[in-house]
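**Student:** Got a structure for you, questions after.
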Amino acid sequence: MADHQHLHGPLDGYGAAFGALTTLGLRVAVVPQPAQINLRGQSSDLTAAVGEACGGLALAARVNDVTTNGAWHCLSLGPDEWLLVGPTDSGPEVAARLTDKLSAHHASVVEMSSNRVVLDIGGPSAPALLASLTSFDMATLIPGRCAQTMMAKAQVILQSGADPETVCLFVRTSFARYLADVIVDAAPFIGDS
């Protein structure tokens, strides 16, 4: 088993830069490596397996919907694609259970927890900052919704928080430092335009 005390993430060292943003009405924090499982197939085949493997989690029914049971979130990314997001270190075990339960179905289960970094972004300046970095209409990202879009030329997944000022932003690990730099550089100019 990996010793997580010695693992390093692409945004290690950004704590001070993110902390300085609080004076600008912005909170940015790296979410400790949540489990992320990409799931593809027919919803009729997947519903029971997801519920059993993820503590009763319901499969999100419509594209861009999000369901949750508190521990796990199900983001519907397309008509036959979902991203399951859950507790740190649970990805491999849950992916193995799903693979086993879906072995008789035409389905794909890919454990990809290290594929994306997740940023928790909030505060009164968050909506303006995010809107300045994307052409996506952030007003449509209401609680219970998600979206795939481009943000400052990086492909991201956005998941709404409990309030309009909070968003979880999933960005590929290889673009994490780039997007973090863009956020830090853009934040002082929010409200100046």
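**Student:** Compute the long axis of helix 176-186 from its Cα atoms, compare it with the longest principal axis of the Cα atoms of the chain, and write down the angle in degrees, 0 to 90, nearest 10.
**Tutor:** The two axes meet at around 30 degrees.
**Student:** Could you work out how far helix 43-53 tilts from the main Cα principal axis of the chain, as a 0 to 90 degree angle to the nearest 10?
**Tutor:** Once rounded, the angle reads 80 degrees.
**Student:** Sticking with this structure for a sec: So if I place +1 on the C-beta of Lys and Arg and -1 on the C-beta of Asp and Glu, and nothing else carries charge, what would the dipole magnitude of segment 115-193 be about its Cα centre? I want it in debye, nearest 20. Please report the intermediate quantities before stating the final value.
**Tutor:** Values: 5 positive and 7 negative charges, 78 e Å.
Dipole of segment 115-193, to the nearest 20 debye: 380 debye.
**Student:** Quick one: the Cα spread of segment 35-111 along its three principal axes, in angstroms, biggest first?
**Tutor:** Here the spans come out as 27, 27, 18 Å, largest first.
**Student:** So what is the calculated 222 nm ellipticity per residue for the chain, using -39500 (n - 2.57) for each DSSP H run with n of 4 or more, over all residues, to the nearest 500 deg cm²/dmol?
**Tutor:** Details: 5 runs with 46 residues, N = 193.
Value at 222 nm, helices only: -7000 deg cm²/dmol.
**Student:** If you don't mind, there's one more thing I want to ask. Could you grab the relative contact order for the chain? Cα pairs under 8 Å, six or more apart, rounded to a whole percent. It would help to have the intermediate numbers written out before the result.
**Tutor:** Working: 364 pairs, mean separation 44.3, N = 193.
Over the chain, the number comes to 23 percent.
**Student:** I've got another one for you. What number in nm² do you get for the chain if you take the convex hull of its Cα atoms and divide its surface by four? Mind showing how you got there, number by number?
**Tutor:** On the way: hull surface 44.2 nm².
Computing the convex hull of the Cα atoms and averaging its projections yields 11.1 nm².
**Student:** Charges at C-beta only: +1 for Lys and Arg, -1 for Asp and Glu. How large is the resulting dipole of the chain about its Cα centre, in Debye rounded to 20? Each step should come with its number before you reach the end.
**Tutor:** Details: 10 positive and 18 negative charges, 44 e Å.
That gives a dipole near 200 debye.
A short reminder: the numbers here are calculations on the coordinates, not readings from a lab. Predicted model, so just to flag it, every value in this text is computed and none were measured. FYI the Cβ positions are ideal-geometry reconstructions off the backbone, even for glycines, and counts take in every protein chain you see.
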